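First up is the structure itself, then whatever we jot down about it.
The values are calculated or read from the model by the stated rules, or taken from the named source; none is laboratory data. These numbers were taken from a predicted model, which means no experiment stands behind them. So basically every Cβ, Gly included, is an ideal-geometry build from the backbone, and we count neighbours across all protein chains shown. The area values use the complete protein model at the heavy-atom level, side chains included, leaving out ligands, DNA and RNA. Shrake-Rupley method; radii C 1.70, N 1.55, O 1.52, S 1.80 Å.
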Amino acid sequence: MLKLFFEKPTSKKQELKKLYLLIHKYGPINKNELIEMTNIKKTTLVRMIDELLKNNLIKESGFEEKSIGRPPILYDVEQESNFIIGIHISRMKTNVVLVDLRYNQIDQESFAMTSIHTPEFVIMKVENIIQRFMEMFDIDEEKLLGIGIVTTGPLNRNDGIILKPESLLEANWGNVHIVKMIQEKFPVRVILEKSSNAAATAEYHAANSVHKNILFCVSGGWGMDCGIIMNGEILQENYVSTNGYGHMIIDVDGNVCSCGKRGCIVAYTSFKGILNELNKVKGLVGNMNDELFQKASLNDMMEYFLQGDKITEDVIIRSSQYLGIGLSNLINLFNPDLVILNGPFIYDYKDYFIKVIEYTKKNIQKEKEVIFTQGKLKENAAAVGSAILIFDSYFLD
Ligand SMILES: [Zn+2]
């Protein structure tokens, strides 16, 4: 119903749309609070609420407890009137989530990505998962608000194309018209976005929009990327979204990076960068040939590093310093009040998270008050964020 109502709204419905959005954001909420927020006359508001109720878009959700006399009715969105699907495709796995209109996760399924996972194979598997969700929860195309797809860049979000990701294992992931391919199976709204932008959006909502400026950074592994929320909105880089953050230069005469330049942050913080450093210092681990590295999973790599010696530990902890410098540059530029760090070393390597914060704080302007966390949604952040972006896309005008 929501789709019918909001897809191509008339001017009268524009007003209803605004009211619905307020109830979505602040509900459960009573009539008087809505009147205060909107300046709509009471009789008009009553009529509007009735229309939203009649169309099953909102519901009465109990009474305000604290008031004296007849308690006012509270209104909230009918959160299971529609559902959204979020898909996060990364080097390690493809994660598919089903959420309701309050972004609660109703179901979730993921599968590992390997060198045999072509785009066609992945889409076929995703299609099966979506069909299972739809059957299990009795969702038809009318109830499915849309499908959000997120992955690492570079990508062309306007035309829905994954261009040439650095990190996906299988060789055919260049120039994949993924939005069109998914829409051929499910004729609903489908959008493509960079995973770090979606993850930042999800964490923004998970923190109840308290922090208007957020820096989300995923590092370690096969690259580094950031998503920035400024004044509650994604800071879009450009039409073609790249992973420029990982190639931010932090050392003028530094290590040679995979991009050909010197001193990029990923030349120190990625698995490959750390392996190169370890190779120089001849510790217990580090001498891994390219063929093995190409096949290694995230767990393989983390286990390999964790089984290293003191030299390994020193190199890994030193890399946190480089990440800290890169982060402090971004914080000094964009002024986030919340910084969310994500990645294998952040989660699973002793003291790494603490050291990154330490080095970052050392290099940011003294007056800045910044909170550092690992986020609330962890590995589901990007997929949930893509679902939120679908919801938001109905209200952009
Ligand atoms: Zn580079």
Choice from Gly223, Gly69, Gly244 with maximal GNM fluctuation in the chain (Cα, 10 Å cutoff) = Gly69
Summed side-chain charge close to Val256 - residues other than Val256 whose Cβ falls under 15 Å, Lys, Arg +1, Asp, Glu -1 | +1
Solvent accessible area, Å² - His205, 1.4 Å probe, full protein context | 60
Part-to-part distance (alpha-carbon centres) for the range 1-71 and the range 276-302, which is given in Å | 57
Show Lys361, Lys93 ordered by accessible area, largest first, where the area counts protein heavy atoms only and the probe is 1.4 Å.
-> Lys361, Lys93
Near Ala382, within a Cβ-to-Cβ distance under 14 Å, what is the net charge of the other residues, with Lys and Arg +1 and Asp and Glu -1?
-> +1
Could you give the size of the charge dipole of the chain about its Cα centre, using +1 on the Cβ of each K and R and -1 on the Cβ of each D and E, expressed in debye and rounded to the nearest 20?
-> 820
The range 2-77 - percent of accessible surface contributed by carbon and sulfur, probe 1.4 Å | 53
By accessible area (1.4 Å), largest first, Cys259, Cys217 order as Cys259, Cys217
Among 302-313, 75-86, how do they line up from the highest to the lowest mean number of other beta-carbon atoms within 10 Å?
-> 75-86, 302-313
Would you kindly derive the ³J(HN,Hα) couplings of the range 357-373 from the backbone phi angles with the Karplus curve 6.51 cos²θ - 1.76 cosθ + 1.60 (θ = phi - 60°), listing them in order in whole Hz, with x for Gly and Pro?
-> 4, 4, 5, 5, 4, 4, 10, 8, 4, 4, 6, 6, 9, 10, 9, 10, 9
For Gly146, residues with placed amide H under 5 Å, excluding near neighbours | Ile85
Note, the range 295-306: 3J(HN,Hα) by Karplus (6.51, -1.76, 1.60, θ = phi - 60°), whole Hz, Gly/Pro = x, goes 8, 5, 8, 4, 5, 4, 5, 5, 4, 4, 5, 5
From the residues Tyr20, Thr38, Phe5, which one has its Cα farthest along the dipole of the range 2-77 in the positive direction, the dipole being from +1 and -1 charges on Cβ of Lys/Arg and Asp/Glu about the Cα centre?
-> Phe5
Beta bridge orientation in the chain: antiparallel %, DSSP, nearest 5 | 60
Would you mind working out the accessible area per residue for the chain, using a 1.4 Å probe, and quoting it in Å²?
-> 47
Send over the Kirkwood Rh of the chain, from the inverse of the averaged 1/r over different Cα pairs, rounded to one decimal Å.
-> 22.8
Of Ile58, Ile191, ordered by accessible area with the largest first and a 1.4 Å probe, the sequence is Ile191, Ile58
For Phe372, list long-range residues whose amide hydrogen, built 1.01 Å from N in the peptide plane, is under 5 Å from its own amide hydrogen.
-> Val339
Entries of Lys31/Lys212; Lys212/Lys368; Lys310/Lys350 with Cα pairs more than 23 Å apart | Lys31/Lys212
Leaving out ligands, DNA and RNA but keeping every protein chain, what accessible area does Val281 have, in Å² rounded to the nearest 10, with a 1.4 Å probe?
-> 60
Charge sum, other residues only, whose C-beta stays under 14 Å from Asn335's C-beta, Lys/Arg counted +1 and Asp/Glu -1 = 0
Among chymotrypsin sites (Phe, Trp or Tyr not before Pro) in the range 145-241, those in a DSSP loop whose Cβ has at most 11 other Cβ atoms within 10 Å are Tyr239
Rh_Kirkwood(the range 209-375) over Cα pairs, Å, one decimal, evaluates to 16.4
